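Okay, so here's the structure we're looking at.
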Amino acid sequence: MSDPDWQADLRRYGPRPLLREQSAWAVWVYRFGRRNDRRKPGLFRWLGDRFYWLSFRLTETLTGISIPKTVEIGPGLRIYHFGNIFVHKDVKIGANCTLRQGVTIGNRRQDGPVPVLDDDVELGAYAQVLGGVRIGSGATIGAMSVVIEDVPAGATAVGIPARVIEPREIMFTAGREGEAPAEPGLAAAMISARQEPRPPSLAGAVNLDC
């Protein structure tokens, strides 16, 4: 069964990603689960479902990436690195989005609403997107930021809680090691996130049920 979404994912990875990047294992398992659910009910779907759950638990344990097949994700997902990545089962993620290690996308309380990420959203390492928020197309969330309000399309948000920063606040550009081109928006967001103060009022606001 062909899968154009998986093919779009592969185009965002380098050559032979299943041999080089653990995150690709989790993405493959997720796409397999989605493909299998589109099969007609019967023996092959039943066997595929058993294989999916075994693969999901094994991959979750080995990589620390938990993306259930019930999540709706558009084509072109890219995950850099691995470990401590958790996505709530009801989350919706658009096309060509980017996640990194430590990212959590979930609710703030049990059975509460969950985020929606539009196309081309980029999350820095250890970013947390919580509750019924919407992240607009092309938005960037800085590393270690905690998003509890909507972020407009094309904006960069950093801090705890995250706030949208103006272009003049972006002081420098830097690329990821071994990657090109450079990512000015994300690089500045990562630094700004480290400089953002942490208000004590947020401490009891998060109760994840991912």
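Which ones in the stretch 125-143 are part of a loop (DSSP other than H, G, I, E, B), of a type outside the set (G, A, S) and either touching a residue at least 60 places away in the same chain (Cβ under 8 Å) or closer than 13 Å to I85 by Cα (or both)? Lay out the reasoning, then the answer.
Going residue by residue through the stretch 125-143, those that are part of a loop (DSSP other than H, G, I, E, B) are 125-127, 131-133, 136-139, 142-143.
With the extra rule that they be of a type outside the set (G, A, S), the set shrinks to 126, 133.
Answer for the stretch 125-143, where residues must be part of a loop (DSSP other than H, G, I, E, B), of a type outside the set (G, A, S) and either touching a residue at least 60 places away in the same chain (Cβ under 8 Å) or closer than 13 Å to I85 by Cα (or both): just Y126.
With the condition kept exactly as written, say whether any residue in the stretch 42-52 is touching a Pro at 6+ places or on another chain (Cβ under 7 Å), surrounded by 19 or more Cβ atoms within 10 Å (Cβ to Cβ) and not polar (S, T, N, Q).
As a first pass, look at the stretch 42-52 and keep what is touching a Pro at 6+ places or on another chain (Cβ under 7 Å): none.
No.
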So which of A153, A125 is of a type in the set (A, V, I, L, M) and either assigned by TED's automatic domain parsing to the domain that holds L18 or in contact with a Lys or Arg (Cβ under 9 Å, 6 or more places away or on another chain) (or both)? A125
Right, T70: polar (S, T, N, Q), assigned by TED's automatic domain parsing to the domain that holds V129, touching a Lys or Arg at 6+ places or on another chain (Cβ under 7 Å) and within 24 Å of L123 (Cα to Cα) or not? no
Got a sec? Which of G112, G136 is over 12 Å from the mean Cα position of the chain (by Cα) and over 20 Å from P75 (Cα atoms)? G112
Among the strands (runs of 3 or more DSSP E) contained in the stretch 62-124, which hold 3 or more residues that are touching a Gly at 6+ places or on another chain (Cβ under 8 Å)? 85-87
Determine, yes or no, whether I148 is assigned by TED's automatic domain parsing to the domain that holds R100 and in contact (Cβ under 8 Å) with a residue 24 or more places away in the chain. yes
So which residues in the stretch 149-180 are under 23 Å from H81 (Cβ atoms) and either in a loop (DSSP other than H, G, I, E, B) or at pLDDT below 95 (or both), if there are any at all? G159, I160, A162, F172, T173, A174, G175, R176, E177, G178, E179, A180
Exactly one condition in (1) within 15 Å of the chain's Cα centre (by Cα); (2) assigned to a loop (DSSP other than H, G, I, E, B); (3) modelled with pLDDT under 95 is false for L186; which is it? (2)
Within the stretch 54-97, how many residues are over 19 Å from R11 (Cα atoms) and of a type outside the set (G, A, S)? 25
Looking at T70, T63, T59, T104, can you tell me which residue is at pLDDT 95 or above, under 11 Å from the mean Cα position of the chain (by Cα) and not aliphatic (A, V, I, L, M)? T104
Going through the stretch 57-72 one residue at a time, which ones are among the β-branched types (V, I, T), out of contact with any helix residue (DSSP H, G or I) (no Cβ under 7 Å at 6 or more places or on another chain) and surrounded by 16 or more Cβ atoms within 10 Å (Cβ to Cβ)? V71
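The values are calculated or read from the model by the stated rules, or taken from the named source; none is laboratory data. Computed from a predicted model, the values in this text were never measured in an experiment. Note that we place each Cβ from the backbone using ideal geometry, even for glycine, and neighbour counts take in every protein chain shown.
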